[in-house]
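See below for the structure under consideration.
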Amino acid sequence: TTTTTTTTTATTTTTASTLAPLGSNTFGVRVVAKTPDHPWAFGLGSFLAYELRSDDVAVLDATGRQVLGEWVEGGTITLSAGDTYRFEMDNVPSNAPFYISSRAAGGGVTGSIVFQGVTGIGAVGNQVLSFTPDGSAVGVPLFYQSLDSLYMGSNITVAQGLLTNLFDLLDNLDPAAAVSLGPDGDLTLDGSQGVDVQQFPAVTSQFSVAAVVTVADGTFGYVVAKCNDAGSRFYSLFVSDQSKDVALYYRVPGSATQLSVRFPAVINDGQPHRLLLQVDGASATLVVDTARYGPLPLQGSSGIDDCGTESAACRLLLGQRTPSTAGGAMFALSGTVHSAGLWPSEVLTTHPFDLSSAGGGGGSG
């Protein structure tokens with residue numbers, strides 16, 4: 001039995017549905033020669049200047065080409081380190097090939113070129129190329145431009161990618177556990193037990209947990225739980241069939257009292273759902289697919305308490321919590337964890353996982 005002194009319920013804000021992504025952490029950019037219909041935003045560049053269209057879901061049409069997003073008219077385009085970008089050339093003329101460099105001026109191939117079609121030649125025609133900036137490109141001024149013009153493009157910013165600080169829970173499961181990953185890399189649980197995660201980091205007052213899960217219809221259980229050996233949860237996400245919501249059970253520093261906030265999202269329907277828990281100091285938000293619940297206030301001013309790194313009295317589990325007594329309830333999950341990650345010191349603003357690998361698949365805790 002859990003004594004909860006504070007329970008807060010969130011309202012929801014629904015955003016536009018996202019399209020199925022081109023692939024996990026793969027994003028699309030279409031490179032199109034400038035036309036009168038899409039003038040250069042700042043009045044710069046020649047008739048051979050480019051416009052870039054980008055789409056972070058990058059779906060393909062019937063011909064295999066990308067469905068285009070909004071124009072980036074000669075302005076800055078932002079890429080994330082560690083993510084892969086599918087650059088499609090759209091009839092790029094051979095006398096003005098496209099490339100990305102670390103210098104503003106074109107006029108040759110002697111600069112520091114970081115992306116091009118083939119060695120010594122920029123991308124032309126309808127080439128489709130992949131580009132994955134790494135962490136070394138973060139903060140480095142990059143430019144997209146053509147080889148024969150002084151100023152053909154504008155800035156490219158490389159930011160820290162969503163996967164840069166990822167601790168992947170599925171990659172760190174206890175190898176001696178009775179349950180393990182299936183051939184597709186998913187963790188399927190039958191409601192009898194979950195599995196320990198090993199070598200996990202401590203979290204700060206700002207952290208995120210993201211997952212793609214399928215919870216069996218009408219069941220309940222823990223998606224993730226950071227616990228001590230007595231069953232007290234420092235942070236955890238519990239799917240309740242009784243109250244038809246998802247609860248964040250947590251503790252604050254200096255107190256052993258178990259607290260909770262509740263998000264009115266029903267996910268135990270046998271369908272895959274994307275969950276993103278954002279803990280930002282004294283508030284928490286849960287994003288479920290395209291619906292945002294919160295932010296909700298947490299008790300205290302110093303954020304959620306944490307037991308630290310792995311020890312006998314500090315465990316991180318997928319699909320259950322530690323029981324409060326010997327032989328007590330674990331509230332194990334029935335369903336499948338397709339993806340699960342922890343960002344121990346940052347609040348993600350975008351969900352890092354997609355549904356492309358998820359197939360169809362909880363009382364109170």
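Does any residue of segment 276-296 turn out to be aromatic (Phe, Trp, Tyr) and closer than 16 Å to VAL215 by Cα? No, there is no match, as no residue in segment 276-296 is aromatic (Phe, Trp, Tyr) and closer than 16 Å to VAL215 by Cα.
Total residues in segment 236-246 satisfying the condition of being part of a strand (DSSP E or B), over 22 Å from GLY185 (Cβ atoms) and not acidic (Asp, Glu): the figure is 4.
Could you check segment 285-329 and list, in sequence order, the residues that are open to solvent by less than 40 Å² (accessible area, probe 1.4 Å) and over 23 Å from ASP269 (Cα atoms)?
Filtering segment 285-329 for residues open to solvent by less than 40 Å² (accessible area, probe 1.4 Å) gives 285-288, 290-291, 293-294, 296, 298, 303-306, 308, 314, 316-323, 328.
Once the filter is applied, which keeps residues that are open to solvent by less than 40 Å² (accessible area, probe 1.4 Å) and over 23 Å from ASP269 (Cα atoms), segment 285-329 yields LEU296, LEU298, GLY303, ILE304, ASP305, ASP306, GLY308, CYS314, LEU316, THR322, PRO323, GLY328.
Can you spot a residue in segment 317-336 that is modelled with pLDDT of 95 or more and among the hydroxyl-bearing types (Ser, Thr, Tyr)? Yes: one or more hits. Of the numbered criteria (1) under 23 Å from PHE353 (Cα atoms); (2) crowded, with 23+ Cβ neighbours inside 10 Å, the one TYR249 fails is (1).
Quick check on segment 275-284: of everything there that is of a type in the set (A, V, I, L, M) and assigned to a strand (DSSP E or B), which residue is surrounded by the most Cβ atoms within 10 Å (Cβ to Cβ)?
Here the answer is LEU277.
Output yes when any residue across segment 247-258 is assigned to a loop (DSSP other than H, G, I, E, B), over 14 Å from LEU298 (Cα atoms) and either touching a helix residue (DSSP H, G or I) at 6+ places or on another chain (Cβ under 8 Å) or of a type in the set (Phe, Trp, Tyr) (or both), and no when none is. Quick ask: steps written out before the conclusion?
If we filter segment 247-258 for residues that are assigned to a loop (DSSP other than H, G, I, E, B), which is where we start, we get 251-257.
So of that shortlist, the ones also over 14 Å from LEU298 (Cα atoms) come out as 254, 256.
If we keep only those that are either touching a helix residue (DSSP H, G or I) at 6+ places or on another chain (Cβ under 8 Å) or of a type in the set (Phe, Trp, Tyr) (or both) too, we end up with none.
No, that holds for no residue.
Scanning segment 152-172 for residues that are open to solvent by less than 30 Å² (accessible area, probe 1.4 Å) and touching a Ser or Thr at 6+ places or on another chain (Cβ under 8 Å), we see that the one that is modelled with the lowest pLDDT is MET152.
How about segment 203-221: which of its residues are aromatic (Phe, Trp, Tyr) and either assigned to a strand (DSSP E or B) or within 17 Å of LEU298 (Cα to Cα) (or both)? Spell out how you get there, then give the answer.
Going residue by residue through segment 203-221, those that are aromatic (Phe, Trp, Tyr) are 207, 220.
Of everything in segment 203-221, just one residue is aromatic (Phe, Trp, Tyr) and either assigned to a strand (DSSP E or B) or within 17 Å of LEU298 (Cα to Cα) (or both), namely PHE207.
Within segment 287-316, the residues that satisfy the criterion of being among the aliphatic types (A, V, I, L, M) and touching a Lys or Arg at 6+ places or on another chain (Cβ under 8 Å) are VAL287, VAL288, ILE304, LEU316. Do we find a residue being more than 20 Å from ILE304 (Cβ to Cβ), part of a loop (DSSP other than H, G, I, E, B), of a type outside the set (Lys, Arg) and open to solvent by 10 Å² or more (accessible area, probe 1.4 Å) anywhere in segment 222-235? Checked segment 222-235: no residue is more than 20 Å from ILE304 (Cβ to Cβ), part of a loop (DSSP other than H, G, I, E, B), of a type outside the set (Lys, Arg) and open to solvent by 10 Å² or more (accessible area, probe 1.4 Å).
The values are calculated or read from the model by the stated rules, or taken from the named source; none is laboratory data. None of these values were measured; they are calculated from a predicted model. Reconstructed Cβ throughout: ideal geometry from the backbone, glycine too, with neighbour counts over all protein chains shown. When the accessible area is computed, the model is the full protein with side chains, heavy atoms only, and any ligands, DNA or RNA have been set aside. Shrake-Rupley method; radii C 1.70, N 1.55, O 1.52, S 1.80 Å.
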